[in-house]
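What follows draws every value from the coordinates through simple rules; no lab data is involved. Every value quoted in this text rests on a predicted model; they were computed, and no experiment measured them. All Cβ positions, even for glycine, are placed from backbone atoms using ideal geometry, and neighbour counts span all protein chains on display.
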Amino acid sequence: MRKKRAEKRYLNPDPKFNDILVAKFVNNLMYDGKKDVARQIVYEAFEIIKKQTQRDPLEVFQKALENSSPSVEVRPQRVGGATYQVPRPVTGKRQTGLAIRWIIETAKKKKGKPMKEKLAQELILASKNEGDAVKKKINTHRMAAANRAFAYLAR
């Protein structure tokens, strides 16, 4: 067992946009330690967003994260011999982490285009409150609402 709680590690902000969320997004997109490749994909996706929407890509990115962040989720909890899906509120850091993960996941699932285009498209859709990442959030909220009866089991 651990003697003391793990120390929080803080990210350095992204060099181009000077934003911590973009740095976190790049780190989640990164595969096999290839950060430069991940940065290139994100920056090119932001360029595509700028061309298509005529808006600040950072603004679109933040709106997309906000729209795909869940506020409640269901967690399994064992009571006696049964396991219940108990709805629980999601903390701030986990909200952004899930939103980032879902956006990247849904972009990776699409086929036929380069990653930068898929990512740009998913970010644009999420900023408009559409797309698969937002659908995933809605489904999560629906599951929590359906299992509201077990909310009393949350500790």
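Of the residues that sit in region 60-80 and are in contact (Cβ under 8 Å) with a residue 40 or more places away in the chain, assigned to a helix (DSSP H, G or I) and not basic (Lys, Arg), which one is farthest from Ala99 (Cα to Cα)?
Checked region 60-80; the qualifying residue farthest from Ala99 (Cα to Cα) is Val60.
For region 86-94, indicate whether the set of residues that are under 16 Å from the mean Cα position of the chain (by Cα), buried (at least 19 other Cβ atoms within 10 Å of the Cβ) and among the hydroxyl-bearing types (Ser, Thr, Tyr) is non-empty.
No - not one qualifying residue is present in region 86-94.
Are there any pairs with C-beta distances below 6 angstrom linking a residue in region 1-21 that is at negative phi to a residue that is β-branched (Val, Ile, Thr) and surrounded by 11 or more Cβ atoms within 10 Å (Cβ to Cβ), with the two at least 6 apart or on different chains, and if so which?
Going by the 6 Å Cβ cut-off, the qualifying pairs are Leu11/Ile20; Pro13/Ile20; Asp14/Val22.
Determine which member of the set Gln77, Gln62 is surrounded by 15 or more Cβ atoms within 10 Å (Cβ to Cβ), of a type outside the set (Val, Ile, Thr) and either in contact with a Cys (Cβ under 8 Å, 6 or more places away or on another chain) or over 28 Å from Ile20 (Cα atoms) (or both).
Answer to the check: Gln77.
What about Thr83, is it among the hydroxyl-bearing types (Ser, Thr, Tyr), touching a residue at least 24 places away in the same chain (Cβ under 8 Å) and either more than 15 Å from Val22 (Cβ to Cβ) or part of a helix (DSSP H, G or I) (or both)?
Here the answer is no, as Thr83 does not meet what is asked.
Can you confirm whether Lys111 is exposed (fewer than 14 other Cβ atoms within 10 Å of the Cβ) and without any contact (Cβ under 8 Å) to a residue 40 or more places away in the chain?
Yes: the conditions hold for Lys111.
One residue is enough: does region 49-71 have a residue meeting the conditions touching a strand residue (DSSP E or B) at 6+ places or on another chain (Cβ under 8 Å) and of a type outside the set (Val, Ile, Thr)?
Yes, that holds for at least one residue.
Which residues, taken from region 125-144, are part of a helix (DSSP H, G or I) and out of contact with any helix residue (DSSP H, G or I) (no Cβ under 8 Å at 6 or more places or on another chain)?
Lys135, Ile138, Asn139, Thr140, His141, Arg142, Met143, Ala144
Do we find that Thr106 is within 15 Å of the chain's Cα centre (by Cα), within 21 Å of Asn27 (Cα to Cα) and exposed (fewer than 14 other Cβ atoms within 10 Å of the Cβ) in this structure?
Taking the combined requirement at face value, the residue does not satisfy it.
Just a yes or no: is a residue in region 47-62 under 18 Å from the mean Cα position of the chain (by Cα) and of a type in the set (Ser, Thr, Tyr)?
No; the residues of region 47-62 include none that is under 18 Å from the mean Cα position of the chain (by Cα) and of a type in the set (Ser, Thr, Tyr).
Quick one: count up the residues across region 31-52 that are hydrophobic (A, V, I, L, M, F, W, C) and surrounded by fewer than 17 Cβ atoms within 10 Å (Cβ to Cβ).
Result for region 31-52: 1.
Are there any pairs with C-beta distances below 6 angstrom linking a residue in region 124-142 that is over 16 Å from Lys109 (Cβ atoms) to a residue that is among the basic types (Lys, Arg), with the two at least 6 apart or on different chains, and if so which?
Listed by first residue and then by second, the contacts come to Ser127/Lys63.
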